[in-house]
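> Submitted below is the structure of interest, expressed as structure tokens.
The values are calculated or read from the model by the stated rules, or taken from the named source; none is laboratory data. Worth saying up front: this structure is predicted, and the values here are computed from it rather than measured. Glycine also receives a Cβ, built like all others from the backbone with ideal geometry; neighbour counts cover every protein chain displayed. Heads up: the accessible areas ignore ligands, DNA and RNA and are worked out on the full protein's heavy atoms, side chains in. Shrake-Rupley method; radii C 1.70, N 1.55, O 1.52, S 1.80 Å.
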Amino acid sequence: MLQPDRFFDPEPRQKSIALELYAGIKDLPLICPHGHVDPALFATPNYRFGNPVELIVQPDHYVLRMLYSQGIAYERLLTQENPREVWRIFASHFHLFQGTPSGMWLAHSLETVFGVTEKLSAANADASYDQIENQLALAHCSPRALFERFNIAVLATTDAATDTLEQHRAMRAAGWSGGSKVIPTFRPDNVVNLHALHWRKHIDQLAVVSGVDIGNYAAFVRALEQRRIEFKALGATATDSGVFSPATEPLSAQSADAVFQRALNGAASADDAARFTSHMLFELARMSADDGLVMQVHPGSLRNYNPEIFGKYGADRGFDIPVATEYTRSLRPLLERFGNHPNFAMILFTLDETTYARELAPLAGAYPSVKLGPPWWFHDSWNGIRRFFDQVMETAGVYNTAGFNDDTRAFPSIPARHDLWRRAAANWLAGLVVRHMIDLSDAETLAQALAVGLARRAYRL
Amino acid sequence: MLQPDRFFDPEPRQKSIALELYAGIKDLPLICPHGHVDPALFATPNYRFGNPVELIVQPDHYVLRMLYSQGIAYERLLTQENPREVWRIFASHFHLFQGTPSGMWLAHSLETVFGVTEKLSAANADASYDQIENQLALAHCSPRALFERFNIAVLATTDAATDTLEQHRAMRAAGWSGGSKVIPTFRPDNVVNLHALHWRKHIDQLAVVSGVDIGNYAAFVRALEQRRIEFKALGATATDSGVFSPATEPLSAQSADAVFQRALNGAASADDAARFTSHMLFELARMSADDGLVMQVHPGSLRNYNPEIFGKYGADRGFDIPVATEYTRSLRPLLERFGNHPNFAMILFTLDETTYARELAPLAGAYPSVKLGPPWWFHDSWNGIRRFFDQVMETAGVYNTAGFNDDTRAFPSIPARHDLWRRAAANWLAGLVVRHMIDLSDAETLAQALAVGLARRAYRL
Amino acid sequence: MLQPDRFFDPEPRQKSIALELYAGIKDLPLICPHGHVDPALFATPNYRFGNPVELIVQPDHYVLRMLYSQGIAYERLLTQENPREVWRIFASHFHLFQGTPSGMWLAHSLETVFGVTEKLSAANADASYDQIENQLALAHCSPRALFERFNIAVLATTDAATDTLEQHRAMRAAGWSGGSKVIPTFRPDNVVNLHALHWRKHIDQLAVVSGVDIGNYAAFVRALEQRRIEFKALGATATDSGVFSPATEPLSAQSADAVFQRALNGAASADDAARFTSHMLFELARMSADDGLVMQVHPGSLRNYNPEIFGKYGADRGFDIPVATEYTRSLRPLLERFGNHPNFAMILFTLDETTYARELAPLAGAYPSVKLGPPWWFHDSWNGIRRFFDQVMETAGVYNTAGFNDDTRAFPSIPARHDLWRRAAANWLAGLVVRHMIDLSDAETLAQALAVGLARRAYRL
């Protein structure tokens, strides 16, 4: 399925330059500074993935929502009873993914990881299921073996502020050579968002893992700071905040405490929750300026949009819908205070592409602390990446971007995603070379930076 | 004027694939599930169009506003007195349409329908006028003859909820073979929008045609339901709502009635009107879930923006200006209630391209009830269609879109618009093939779907 | 560094057409109807530019902010003490400008104006500094000599409403042949914006230069009108307003006076300032309809975003960040009153590209008074111009745009900017020709219009 010159623009001179640039970066190690792979995969030496459906279909919200959108009930997709039957549904609807990034990632991982070289279809559903199932049983498809095969130099997981990090400790203790390459990322959403599901339980858990009695706002801050130290000790270089809005208006300590007390009493309003998150983004920036953890912000998704699906099947089922997002005014309080701070670093993401050229590139192109993260979620596709290069680079400059991250929980798809990015980068650079905007030697340097160097630098790896 | 390879991207390999794909779909029947052709054209067997100006210039708001924008007074364009003089103005300003979709549609219909093969100009104004006038007098240029010549499989008109539908009945009664191919679409704007011009008169008319005495909100709803049955009986498969905002917040029955009563008493405020429209979108979705008519929503135009032009020349004179439109939060109440309903279907349109990738593709790519309509109004141009494919397809997938509709009142331009869409589709698919994102056989299937199949399915034809 | 076919799309047939179109316009005189060149450059016959750093680095906020974004302190860049050392910093960071418009403008002016033909680098920093310094000392690099060499037909400066215009008078009085080609533009921001820095001082200055005692709003208006007459007498054909919002809601004369009195008493609120600016845009349109000066509006920048940088180094240091901008509703009051006025002309600019297709093209494509200015600030780059053509032209039509303006204070970069625009125009037109959307003869006419004619007409030159 995978042609060597896939994705590249067709004009022959540009394509030959793109192929040359791509050849120089395709085998570089993978830098994965932001993602959602479960660290448990690596904690156990002989961990094996489940069946093909548990690995490829059921955890992938891109795949699930596309099948659901064409009328296939979640009941039929999420059943544990007959995975082969679920695979048949998936294979016989594989055409739905034509032209989509899921289609491209799947084709890549099916072929390169599992040796499935035909487009999936009703006709080959059983054979492909068997093929993958057989591969999964073999040692060379264990997570640790794939980690080596994929040539991953660093893999950051995303871990709740309340996480014990025991999986991270276990994989280091186990003496696995990859152990030090898998690092945690500090994500405090479930305690920062006062209306997070089971917020109170998370606060209690935070108290336990931090050893801080969280009876007021000051203690809450101390607990977070304590945990950040712990995360750093296990290699963390970054934090992540997934918020609805990037507003960053600080509250006074008294106001923050009053809101926090209302939350502890189960009486926080929606407005309280919004103001507290806004305040906490400011406060997390303060912590980052102090301890040097790079602050990531992922705003703009209205989560759990479909109450029926959320009620029956939980979060991350394809019903998180983006909204227009405002950065310029929202980030101003934070940037007024920390934007020029030499120890502060922030990486911004967006689901609203209109902000690339209008707000994010001008910010990243001026503040030394601000870098622009790669296209996120719906936008880390071939055309999404092209639009990112097109709309960001002229104003921000390449060196104010943060390279690539795959942001995936689908471990076998990691090489596919980096490969797509590297091809897109080579293609874009070839377009500049063939237009004499840069020369080939510049392009080679920039290709290395986009593939590896920018991510290393932005995430302080 | 019309080169066979027009519009296609120039790279030779991609172009040859595009031409091959286009050859496979160019002669397929035209599916026209949404438009504004006057059904009276077909009700009378020997109907003849008026003169070239009445047919081509005066009803076309794209043409009128472009001429006005360059300083030509509407008085000079809309006069009934000397059509040949109006044509001379039009022909001598034909350069204004260079590079515009109007220019491309006009070139196509002038050549293929009327045999005018030169660019219009002051020099050939009289000759082209004569040529078209002569053609219009001939039987093969009657609406029914053109309907056959254009190979139209289905043509949906747009008809007010208050319309008697007598033209639709007449064309069926007349025994014309095309009669069953021309179907109405239920559009209740003039009674749903409490501040529509002559709203009270429309309510009275609705009472007459439905046979329901509309003294309160409940009766209003019954009248609408009654009329939907009547529309369905004449072949309607869809409704359409043209609204300023896609807000869909329902009111209680009591609140709805209170607002409706204020409107009957001529006392509805602007806020009443906005809330009632929002409520009615929710209610129309309820009706669609009940009776299976596909619900179209066309939001985001600030109509009649220029009071002087509106006062003198009425609506649809080129002064409807789009605004930024929010879908995610606006549609949530409706989708929470009906989004997963197996009988409900909705087709969304936009004048705000920023919502393609951000809001509409994620919604269409998740909800089985939601399909995304083709580029609308200012955006059904070559580049507008390219941007639609670029920004929608990776997230929504082709199968969650609704194919093409021409949305025109300019009957002779229908083939031109479908031809442009089919070329754009072939060109886009060829771009995927040449990049090995899909193979040629996938592309052939998708080309058929984009040309015909998706529209048939989305509109339940 | 400068290849003759630079920037053009690579497909050979399209490129050869582009080269042909470009050849027809590349040597046309430069029309510069909007910019920020200091008229003092031309007032003194033997004016010489300062050193390379004073000329090229320190006044260019694009250059400064990019260096700052990569951690180079403004102290090191803005020092007067060792310009050669600043140049070394600049040269050794020249790679930051790869792929940016600054990089392309700099390459062009370094080579064509100063004969520097190598990419700047640490290695050639001293040699290039010497080369430019030597050139600057020569008569053929004086502003007047460059003005001739650049083949500038008209150059509009931007001058505060309070400016004495003595430089403009001086250059005319001095008998320089270019004197009548350099014209002022009336920019009243510093008196219209009640919260402008030193507003009260500017009002006093306005009183002095106008001879009107400004004790109330009516006198303020008279003073502005008086000054407009003076600007016109020195050749001005346009005004310019740089505002945060394009709102145009008029106040009653009493309300306007009440706000103005509060401002005179130092008691105007933020809301007062916003309402007064909005009112004044309406009032400035009234004046334009009266006196025929073309009204430019540049909205949408949140200025002086970084208080630390603003406090230390003042305005225009790279920290003006755009925001989403609304035009449709904002401009409605103004357009309702003046949009159809035969003597009124308005040129709109934007930093929010989402408004191109959604709001600005529909407005420019309908109102005879409205033209759309070229891509502005962050967007007058190769891709920014491409997006402008792509998103504007199909709806507005070429003839409703205002051609190009360079909008620069960097005098030596003027030819670079026009060259980039002319190449972009030729490239875009070649894309239409090779797709048979227009023919070559249309393209040649449009190329002339885009290079010269549209700007002349829009600015009434």
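> Could you give the length gained by full extension between B:THR164 and B:LEU138, i.e. 0.36 nm per residue of separation minus their alpha carbon distance, to one decimal place?
6.3 nm
> Which value in Å is the Kirkwood Rh of region B:157-259 over different Cα pairs?
Evaluated over region B:157-259, this radius sits at 14.7 Å.
> Let me ask you something else. Averaged per residue, what accessible surface does the protein assembly as shown expose to a 1.4 Å probe, in Å²?
32 Å²
> Another question, then. Against the empirical 2.2 N^0.38 Å scaling, what ratio does the C-alpha Rg of region A:304-461 come to?
Output field value: 1.13.
> Please compute the average number of Cβ atoms from other chains found within 10 Å of each residue's Cβ in peptide C:332-340.
3
> Need the per-residue list for region C:363-409: every residue with at least 30 Å² less accessible surface in the complex of protein chains than in the chain by itself, probe 1.4 Å, sorted by number.
C:GLY365, C:ALA366, C:TYR367, C:PRO368, C:PHE378, C:ASN383, C:ARG387, C:ASP390, C:GLU394, C:THR395, C:TYR399, C:ASN400
> Mind grabbing the interface size between A and C? I mean buried accessible area, both sides, 1.4 Å probe, in Å² to the nearest hundred.
Approximately 3800 Å², summed over both chains.
> Follow-up question, since we're still on this one. Report the one residue of C:LEU55, C:ILE25, C:GLY71 whose Cα lies farthest in the direction of the positive end of the charge dipole of region C:21-91 (charges on C-beta: Lys and Arg +1, Asp and Glu -1; origin at the Cα centre).
It is C:ILE25.
> Taking the label point 7 Å from Cα in the Cβ direction, how far apart in nm is A:ASP439 from each other copy of itself, listed shortest first?
Nearest first, the other copies' label points are 4.4, 4.4 nm away.
> Before rounding to the nearest 500, sum -39500 (n - 2.57) across all DSSP H runs of length at least 4 in chain A and divide by the residue total; then give [θ] at 222 nm in deg cm²/dmol.
The per-residue figure over chain A is -14500 deg cm²/dmol.
> For region B:291-386, what size does the Cα cloud have along each of its three principal axes, sorted from largest down, in whole Å?
47, 32, 22
> What's the average, rounded to a whole number, of partner chain beta-carbon atoms within 10 Å of each residue's beta-carbon in A:351-361?
6
> Let me ask you something else. State log₁₀ I(q)/I(0) for the protein assembly as shown at q = 0.05, 0.06, 0.08 Å⁻¹ as given by the Debye formula over alpha-carbon point scatterers of equal weight, solvent excluded.
Debye curve over Cα of the protein assembly as shown, log10 I(q)/I(0) at q = 0.05, 0.06, 0.08 Å⁻¹: -0.39, -0.57, -1.07.
> Go through C:ARG172, A:ARG457 and list them by solvent-accessible area, largest first, probe radius 1.4 Å.
So, going from the largest accessible area down, we get A:ARG457, C:ARG172.
> List every residue whose amide H lies under 5 Å from the amide H of C:THR401, counting only residues 5 or more places away in sequence or on a different chain, with H placed 1.01 Å from N in the peptide plane.
C:LEU372
> Defining the label point at 7 Å along Cα→Cβ, can you sort the distances from B:PRO29 to the same site in each other copy, shortest first, in nm?
Computed spacing set for this position: 6.3, 6.3 nm.
> If you average over every viewing direction, what projected area does the convex hull of the Cα atoms of region B:46-129 give, in nm²?
Projected area, direction-averaged: 5.6 nm².
> While we're here: Heavy atoms only, probe 1.4 angstrom, no DNA, RNA or ligands counted: give me B:SER255, B:SER16, C:SER109 ranked by accessible area, highest first.
Most to least solvent-accessible, the answer reads B:SER16, B:SER255, C:SER109.
> Based on the alpha carbon coordinates of region C:1-149, what radius of gyration and maximum Cα-Cα distance (Dmax) apply, in Å?
Just the Cα atoms of region C:1-149 yield Rg and Dmax of 17.1, 53 Å.
> When the dipole is taken about the Cα centre of chain A, and only Lys, Arg (+1) and Asp, Glu (-1) are charged at their Cβ, what size is it in debye, to the nearest 20?
Here the size comes out at about 400 debye.
> Calculate, in whole percent, how much of the Cα-Cα pair population of region B:207-366 lies beyond 28 Å.
For region B:207-366, the fraction of Cα-Cα distances above 28 Å is 28 percent.
> Summarise the partner chain shielding of B:93-105 as one whole number: the mean count of Cβ atoms from other chains within 10 Å of each residue's Cβ.
5
> Here is a further query. Express the carbon and sulfur contribution to the solvent-accessible surface of region B:251-410 as a percent, rounded to the nearest whole number, probe 1.4 angstrom.
C and S fraction of accessible area: 49 percent.
> Taking a label point 7 Å from Cα toward Cβ, how far is B:GLY311 from its twins in the other copies, in nm, shortest first?
5.4, 5.4
> Let me ask something else about it. Pop a pseudo-label 7 angstrom from the Cα along the beta-carbon direction at both A:ASP130 and C:SER121 and give the gap in nm to one decimal.
6.0 nm
> Please give every one of the aspartates and glutamates within straight-line cross-link reach of C:LYS312, meaning a C-alpha to C-alpha distance under 18 Å, and leave out same-chain neighbours fewer than 8 residues apart.
Result set, ordered by chain and number: A:GLU336, C:ASP60, C:GLU75, C:GLU81, C:ASP320.
> Suppose every K and R has +1 on its Cβ and every D and E has -1 on its Cβ; what is the size of the dipole of the protein assembly as shown about the Cα centre, in Debye to the nearest 20?
Dipole magnitude for the protein assembly as shown comes out near 40 debye.
> Output the Kirkwood hydrodynamic radius of region B:221-268, Cα pairs only, in Å rounded to one decimal.
13.2 Å
> Here is a follow-up. Run through the DSSP bridge list for the protein assembly as shown and note the antiparallel percent, rounded to the nearest 5.
10 percent
> Okay, moving on. In square nanometres, what is the average projected area of the Cα convex hull of chain A?
21.5 nm²
> Additional query: Which value, in Å² rounded to 10, gives the accessible area of B:GLU308 with a 1.4 Å probe and all protein chains present?
Rounded to the nearest 10, the figure is 80 Å².
> Now for a different question. If you bin every alpha carbon distance in region B:145-196 into 5 Å steps from zero, what whole percent lands in each bin?
Binned Cα distances yield the sequence 5, 18, 23, 21, 13, 9, 7, 3, 1.
> With only Lys, Arg, Asp and Glu charged, each at its Cβ (+1 for the first two, -1 for the last two), find how big the charge dipole of region B:256-333 is about the Cα centre; round to the nearest 20 debye.
Around 160 debye, computed over region B:256-333.
> Using a/c under 1.5 as the rounded threshold, could you call region A:414-459 rounded, prolate or oblate? The axes a ≥ b ≥ c are square roots of the C-alpha gyration tensor eigenvalues, and prolate needs a/b larger than b/c, oblate otherwise.
Oblate, because a/c is 1.5 or more while a/b does not exceed b/c.
> For region B:392-442, what is the Kirkwood hydrodynamic radius in Å, using each pair of distinct C-alpha atoms?
Its Kirkwood hydrodynamic radius stands at 12.6 Å.
> Working only with C-alpha atoms, what are the Rg and Dmax values of region C:217-305, expressed in angstrom?
Expressed in Å, the Cα Rg and Dmax of region C:217-305 come to 13.7, 37.
> If you wrap a convex hull around the alpha carbons of region A:77-206, what volume per residue comes out, as a whole number of Å³?
Taking only Cα atoms, region A:77-206 has a hull volume of 172 Å³ per residue.
> At a 1.4 Å probe, what is the % contribution of carbon and sulfur to the accessible area of region B:76-148?
Result for region B:76-148: 50 percent of the exposed heavy-atom area is carbon or sulfur.
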